[in-house]
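**Student:** Could you have a look at this structure, given as structure tokens, before my questions?
The values are calculated or read from the model by the stated rules, or taken from the named source; none is laboratory data. Just so we're clear, the structure is a prediction, and the values are computed from it rather than from any experiment. Heads up, the Cβs are rebuilt from the backbone with ideal geometry, glycines too, and the neighbour counts pull from every protein chain shown. When the accessible area is computed, the model is the full protein with side chains, heavy atoms only, and any ligands, DNA or RNA have been set aside. Shrake-Rupley method; radii C 1.70, N 1.55, O 1.52, S 1.80 Å.
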Amino acid sequence: MRNPRALAAAGAAVAVLGLAAPAAVADQGRLPGPSNIVALPSVIAAGGQLTITVDGCPNGGHATSHAFPRTELRPISGGSSTAKGTATVNSDARPGPYDITVHCSGRSLTRPAAFSVIGGVRGGIGGSSTSGATPTDVAIGGALVAAAVVGGGVFWMRRRAEKRI
């Protein structure tokens, strides 16, 4: 008997298929539900627009998050079961990751940390958030100027001493 390995492999395959079959049959009677949530871009500034695409929503639905108001998802034409919507992130949304919860076909699905909000752009002032040099900047600049003056004086004094000899 050289086939115990083949017999064991076949038995394992039959056992796996036997356990998976009832779950597949039980799911056939249910309505499809959301199965995949994609948010693009995955990193967005506060006030920006976010595109949400969801598989398993043939009749559309809606998406919610703490970063944007309820957004309608509309089915994509072409007979697919995908729905899509555009959400505008609140301009006062705090930076960090946010979840998205989708409701369609009587079911809900939440994708944790689906996207991240970063601080908004400070337009008009070049992106700067300070009004000038800090005391530390002034102290460093002053020390560099003083070192240059001392170094130049030492160099000049040495050159002057060499000319007298």
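**Student:** Can you pull the percent of segment 46-119's accessible area that's carbon plus sulfur, 1.4 Å probe, other chains left in place?
**Tutor:** Roughly 47 percent of what the probe reaches on segment 46-119 is carbon or sulfur.
**Student:** So how do 44-56, 142-154 stack up, highest first, on mean other-Cβ count within 10 Å?
**Tutor:** So the peptides 44-56, 142-154, ranked by packing, come out 44-56, 142-154.
**Student:** Extension gain residue 35-residue 118, at 0.36 nm per residue separation less the Cα-Cα distance, in nm?
**Tutor:** Gain in length upon complete extension: 27.2 nm.
**Student:** Relative contact order for segment 46-87: what is it in percent, counting Cα pairs under 8 Å that are at least 6 residues apart?
**Tutor:** On the way: 81 pairs, mean separation 19.7, N = 42.
In percent, rounded to a whole number, it is 47.
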